[in-house]
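Scroll down for the structure; my scribbles are underneath it.
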Amino acid sequence: MDLPPGQRAVRGFPRFGIDRVSPPPRAPEGMNIEVSGQLARRVSVDLDELARLPHREVDADFHCVAGWSAIGLRWEGVLFRDFYQLVIEPALAEGARVEYLVFVGLDDYRSIVTLEDALEVDVLIADRLDGEPLPPEHGAPVRLVSPRQYGYISTKHLCRIELYRSEPVGYYHPWKPVQRALSAVRPHRRARVAHEERRRHLPSWLTRQVYRLVVKLPAPPLK
């Protein structure tokens, strides 16, 4: 089994991270995905509209920055590049220059992504996992899935997309202790798993060792 550097496979697909101690947020009735910034007109897409856009399946592992990987997952949803081309681009203001996006969840978690990475061929706004509707613990009703990047990019419970010309200030997590820690070390600007881009101000080998010391694998590793 070939995995990216520093990753170990686990059984299943655990709900992991700070949010594991709290229930997933409940989606409001009539929930929309709102788009903001550099627009000539308001963009708001409800889940029925999203469901009518072309859907694709993507078979991809999920790589947590803490060093574990859930393998063999099958995601289904709208390719973000299609969403961008069909929904966002027609609404852009004249002279708009989008370089970064911020994906925001119902729990106010945020991930900052370059447009280049968001437009990769396998990045999804996903609404199904392994043939079933996306469960609440994994981001229902819809979430971002960016297989080539660490899991912290793949915002769950996606409800808003913000467009920026340059990299925005790094607000990531609604829980203040986590936000302070992330602001100190800062997630990597690209977060590409193949390049082991875990943190911006720490070398990969050191980050890997720290995670292995402080984070217990959520399930026994596969052999």
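The values are calculated or read from the model by the stated rules, or taken from the named source; none is laboratory data. The structure presented is a predicted model; accordingly, all values stated were derived computationally and were not measured. Here the Cβ positions follow ideal geometry from the backbone for every residue, glycine too, while neighbour counts run over all protein chains shown. The accessibility values were calculated without ligands, DNA or RNA, using every heavy atom of the protein model including side chains. Shrake-Rupley method; radii C 1.70, N 1.55, O 1.52, S 1.80 Å.
Observations on the model:
- Of the residues making up the range 106-134, those that are under 22 Å from Arg26 (Cβ atoms) and open to solvent by 30 Å² or more (accessible area, probe 1.4 Å) are Leu106, Asp107, Asp108, Tyr109, Arg110, Asp127, Arg128, Glu132, Pro133.
For (1) touching a helix residue (DSSP H, G or I) at 6+ places or on another chain (Cβ under 9 Å); (2) more than 22 Å from Pro141 (Cα to Cα); (3) of a type in the set (Asp, Glu); (4) modelled with pLDDT of 90 or more, each residue gets a yes or a no:
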| residue | (1), (2), (3), (4) |
| --- | --- |
| Arg11 | no, yes, no, no |
| Phe16 | yes, no, no, no |
| Arg20 | yes, no, no, no |
| Pro25 | yes, no, no, no |
| Met31 | yes, no, no, yes |
| Val35 | yes, no, no, yes |
| Val43 | yes, no, no, yes |
| Asp46 | no, no, yes, yes |
| Ala51 | no, no, no, yes |
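- Subset tally (residues that are open to solvent by less than 30 Å² (accessible area, probe 1.4 Å) and closer than 12 Å to Asp130 by Cα) for the range 63-79: 3
- Failed condition for Ala60, given (1) surrounded by 15 or more Cβ atoms within 10 Å (Cβ to Cβ); (2) modelled with pLDDT under 95: (2)
- Of all residues making up the range 135-174, the number that are open to solvent by 10 Å² or more (accessible area, probe 1.4 Å) and in a loop (DSSP other than H, G, I, E, B): 16
- Inter-residue pairs, beta-carbon under 8 Å, first more than 11 Å from Cys159 (Cα to Cα) and of a type in the set (A, V, I, L, M, F, W, C) and in the range 21-42, second open to solvent by 40 Å² or more (accessible area, probe 1.4 Å) and assigned to a loop (DSSP other than H, G, I, E, B), 6+ apart: Ala40/Glu94
- Test: Ala70 is modelled with pLDDT of 90 or more and out of contact with any Asp or Glu (no Cβ under 6 Å at 6 or more places or on another chain): yes
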